[in-house]
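Participant: One structure, pasted below without further comment.
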Amino acid sequence: MKIGMIGLNHLGLVFTAGFTKLNHKIVAVDKDAKVIAQEIKNNSLRITEAGLTDLLKSGVCENRIYFTNNFSLLSDCQVVILSLDTPIDDFGNLDIEPVFKLVDLAIPHLAAGTLFLVSSQVTVGTCDLIQEKINSSRPDSNIEVVCFPENLRVGQAVEYFFKADRFVIGAKTQKAYEETSRLIQEIDAPKIRMDIRSAEVSKHALNAH
């Protein structure tokens, strides 16, 4: 399956490497051309995760990863994952504005029927607001938003992606839950379905664990 990945820092790069290893093709998008040019194409990542560089190199060499700042290339993806590392202050407050900015850049280019996964940490109710944005600007697009919170461990993120003890999937429909589950079907871990707001809460609970 072809997956669009939006936001290429820690979460986005680990997800890009992980989903590529699961035999998906990735269109990895970041609005900052400097991130693409200086860090990724020149192999000078700001983050250090065991195995990450090798997986990204292999994916590029095998034409399974394409890095770009061109959001229009999302139109060829059946699934798009919002993987921005959400800014957070010293008091634990999230800055959601960058999330919505990326959503606004992506919406015009999403194909009809796209599954839009939100893996960024967000405040409760954010996924509903994203769905409302999509429904307002693309009323006949049949794009469904799913909350797919990550639970990666810094320093062991690549390993833990493949050895996760659970995946939480916040989906309104059984179809969206099943399609999301198929993305990670090769990983032997429970795929726990929740309503979207419960899935958003679960990310905060996982962080506090």
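Participant: Looking only at region 105-141, how many residues end up being at pLDDT 95 or above, within 26 Å of Asn23 (Cα to Cα) and either part of a loop (DSSP other than H, G, I, E, B) or not hydrophobic (A, V, I, L, M, F, W, C) (or both)?
Facilitator: Within region 105-141, residues that are at pLDDT 95 or above, within 26 Å of Asn23 (Cα to Cα) and either part of a loop (DSSP other than H, G, I, E, B) or not hydrophobic (A, V, I, L, M, F, W, C) (or both) number 7.
Participant: Taking the options Lys34, Lys21, name whichever one is of a type in the set (Lys, Arg) and surrounded by fewer than 17 Cβ atoms within 10 Å (Cβ to Cβ).
Facilitator: Unique residue meeting the criteria: Lys34.
Participant: Same structure again: Would you check which residues across region 1-23 are in a helix (DSSP H, G or I) and among the aliphatic types (A, V, I, L, M) and list them?
Facilitator: Answer for region 1-23, where residues must be in a helix (DSSP H, G or I) and among the aliphatic types (A, V, I, L, M): Leu11, Leu13, Val14, Ala17.
Participant: Conditions first: (1) in contact with a Gly (Cβ under 9 Å, 6 or more places away or on another chain); (2) open to solvent by less than 50 Å² (accessible area, probe 1.4 Å); (3) not in a loop (DSSP other than H, G, I, E, B). Phe67 passes all but one, so which condition is the exception?
Facilitator: Checking Phe67 against (1) in contact with a Gly (Cβ under 9 Å, 6 or more places away or on another chain); (2) open to solvent by less than 50 Å² (accessible area, probe 1.4 Å); (3) not in a loop (DSSP other than H, G, I, E, B), the one that fails is (1).
Participant: Please specify each residue of region 91-139 satisfying the condition of being among the charged types (D, E, K, R) and touching a Gly at 6+ places or on another chain (Cβ under 8 Å).
Facilitator: Once the filter is applied, which keeps residues that are among the charged types (D, E, K, R) and touching a Gly at 6+ places or on another chain (Cβ under 8 Å), region 91-139 yields nothing.
Participant: Residues of region 100-133 being in contact (Cβ under 8 Å) with a residue 24 or more places away in the chain, farther than 17 Å from Leu84 by Cβ and either of a type in the set (Ser, Thr, Tyr) or out of contact with any Lys or Arg (no Cβ under 6 Å at 6 or more places or on another chain) (or both), which ones?
Facilitator: Pro108, Ala111, Ala112, Gly113, Thr114, Leu115, Gly125, Asp128
Participant: Only one of (1) in contact with a helix residue (DSSP H, G or I) (Cβ under 9 Å, 6 or more places away or on another chain); (2) surrounded by fewer than 23 Cβ atoms within 10 Å (Cβ to Cβ); (3) part of a helix (DSSP H, G or I) fails for Lys57. Which number is that?
Facilitator: Of everything listed in (1) in contact with a helix residue (DSSP H, G or I) (Cβ under 9 Å, 6 or more places away or on another chain); (2) surrounded by fewer than 23 Cβ atoms within 10 Å (Cβ to Cβ); (3) part of a helix (DSSP H, G or I), Lys57 misses just condition (1).
Participant: Can you tell me which residues in region 73-96 are surrounded by 12 or more Cβ atoms within 10 Å (Cβ to Cβ) and more than 25 Å from Ser181 (Cα to Cα)?
Facilitator: Selection gives Pro87, Ile88, Leu94, Ile96.
The values are calculated or read from the model by the stated rules, or taken from the named source; none is laboratory data. Keep in mind that what you see is a predicted model, and the values were worked out from it rather than measured. Cβ: placed from backbone, ideal geometry, glycine included. Neighbour counts: every protein chain shown. When the accessible area is computed, the model is the full protein with side chains, heavy atoms only, and any ligands, DNA or RNA have been set aside. Shrake-Rupley method; radii C 1.70, N 1.55, O 1.52, S 1.80 Å.
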